[in-house]
Amino acid sequence: MASSTSGVNTSKDGTPADVVASLRTVLTSESEPLAKRFRALFSLKHLACLHPPTEQTLPAIQAIAAAFASPSALLKHELAYCLGQTRNSDAVPFLQQVLKDREEDSMCRHEAAEALGALTDIGSLDMLRDMRDDEKEPDVVRETCDIAVERIVWETTGGRNAENLKQSDFASIDPAPPLPVSTQQPSIPELKKTLLDSSLPLFQRYRAMFALRDLSSPPDLPTAVPAVEALAEGFKDSSALFRHEIAFVFGQLSHPASIPSLIAALSDKNEASMVRHEAAEALGSLGDEEGVEDTLRKFLDDPEQVVRDSVIVALDMAEFEKNGEKEYALIPEPVAAA
């Protein structure tokens, strides 16, 4: 039952009772600016990820899923990512529906597959395996399904318990866990070798990628710049999925050493749009670095819709970084108790 404080209905966690409905209206409205819709999404993600769940959790998940009706591939791929971070099985049917829809943009379907892996959904294993083995599926979907299967198997057959993994600075549920580092002096050349070895399973290469990411944070670690430089070599890989994940990791790190390779990826008109969009958003996280905003503005009229949209969001993120705001979101402050 919602409580009332100063005439405002609130839920048990102090959140205004109508906040989900308000955020859903913003998120699903095609007339709202894209940057504002993204902020609404991240507010809903906050509510959807609460553990233990509150009375706002399921409505927040449903609100996020409602926006899959949007024509924006960029927004829909972000919806799928956010649902995968919830640790909540209520998100599974929505993600399965997106993944099964062959008319949906491949970038969105890839993100739905990755999200099912992040949720460790055993019930999706058959679907993921079937799509992994279906040569009619786009490479990005097949490769993501492969990684998702391996992640679920690793999580559910003792792999996690058998490894002593370093605590990451990042709260995200990643497509693959980092490779375990067994020595006090982790070998960046060895991790780089694994990262770039295309004969190895993608899951293992992703594990090297996230191990290198963790060696890049905090940014003043002596291993940070060499690890970032090793990761940047991944942009030469033949897999667009792999290259896009490198850009995503750089967005998490917000390390200035990644800027040259991100600009190169964004500027390459022959690069896959899913890679260029991720590079744009990663640059948005570095918006307080000199020249980044000016670079992003050059792509506001890019021929690729998903790139244009990403630049709009990235510039909004850059403004957020410069202003020192605490949360990139619209969520109202909880109402104080009487």
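By Kyte-Doolittle mean hydropathy of at least 0.5 and Cα axial length of at least 24 Å, which whole DSSP H helices of the chain are selected?
Values: long enough: 139-156 (26 Å, 0.07); 305-323 (27 Å, 0.17).
Within the chain not a single helix satisfies the rule.
Over all pairs of distinct alpha carbons, what does the Kirkwood formula give as the hydrodynamic radius of the range 166-326, in Å? Can you show the working numbers first?
Working: mean 1/r = 0.0630 Å⁻¹.
So the Kirkwood estimate lands at 15.9 Å.
So, in Å, what gap is there between the alpha-carbon centers of the range 19-53 and the range 233-296?
The range 19-53 and the range 233-296 have Cα centres spaced 26 Å from each other.
Pick from GLN204, GLN97, GLN167: which residue has the top mean-square fluctuation in a GNM of the chain where Cα pairs under 10 Å get a spring?
Maximum fluctuation in the GNM of the chain, among the listed residues, is at GLN167.
How high is the relative contact order of the chain, in percent, counting Cα pairs under 8 Å that sit 6 or more residues apart?
Averaging sequence separation for qualifying contacts and normalising by length gives 15 percent for the chain.
Can you put CYS49, CYS82 in order of Cβ neighbours within 10 angstrom, beginning with the fewest? Each step should come with its number before you reach the end.
Working: CYS49 19, CYS82 24.
Ranked by crowding around the Cβ, least crowded first: CYS49, CYS82.
For the range 104-188, how big is Rg over Rh, using alpha carbon atoms and the Kirkwood form of Rh? Could you put the intermediate results ahead of the total?
Details: Rg = 14.5 Å, Rh = 13.9 Å.
Dividing the radius of gyration by the Kirkwood radius yields 1.04.
How much net charge surrounds ARG142 when only the other residues with a Cβ under 12 Å from the Cβ of ARG142 are counted, with Lys and Arg +1 and Asp and Glu -1?
Numbers: positive: ARG109, ARG129, ARG132, LYS136; negative: ASP130, ASP133, ASP134, GLU135, GLU137, ASP139, GLU143, ASP146.
That sum, taken over residues with Cβ under 12 Å, equals -4.
Counting Lys +1, Arg +1, Asp -1, Glu -1, what net charge surrounds ARG151 among other residues with beta carbon under 12 Å of its beta carbon? Display every interim value, and only then the final one.
Details: positive: ARG160, ARG207; negative: GLU114, ASP121, ASP146, GLU150, GLU155, ASP174.
Cβ neighbours under 12 Å give a net charge of -4.
In what order do GLU114, GLU30, GLU78 fall by count of nearby beta-carbon atoms within 10 Å, going from fewest to most?
On the way: GLU114 26, GLU30 12, GLU78 23.
Ascending number of Cβ neighbours within 10 Å: GLU30, GLU78, GLU114.
Within the set of other residues whose C-beta is less than 12 Å from the C-beta of ASP214, count the net charge using Lys and Arg as +1 and Asp and Glu as -1.
+1
Among LYS76, LYS166, LYS192, what is the fewest-to-most ranking by other Cβ atoms within 10 Å?
Details: LYS76 22, LYS166 12, LYS192 19.
Taking fewest neighbouring Cβ atoms as first place, the list is LYS166, LYS192, LYS76.
Taking a quarter of the surface of the Cα convex hull of the range 1-162, what do you get in nm²?
10.7
Straight-line reach only, C-alpha to C-alpha below 22 angstrom: list the lysines that LYS193 could link to, leaving out same-chain residues fewer than 8 apart.
Answer for LYS193, where 22 Å is the Cα cut-off: LYS166, LYS236, listed by chain and number.
Read-outs: derived from the displayed coordinates by stated rules, not from any lab. Only a predicted model underlies this, so the values are computations on that prediction, with no experimental measurement involved. Don't worry about glycine lacking a Cβ; one is built from the backbone with ideal geometry, like all the others, and counts go over all protein chains shown.
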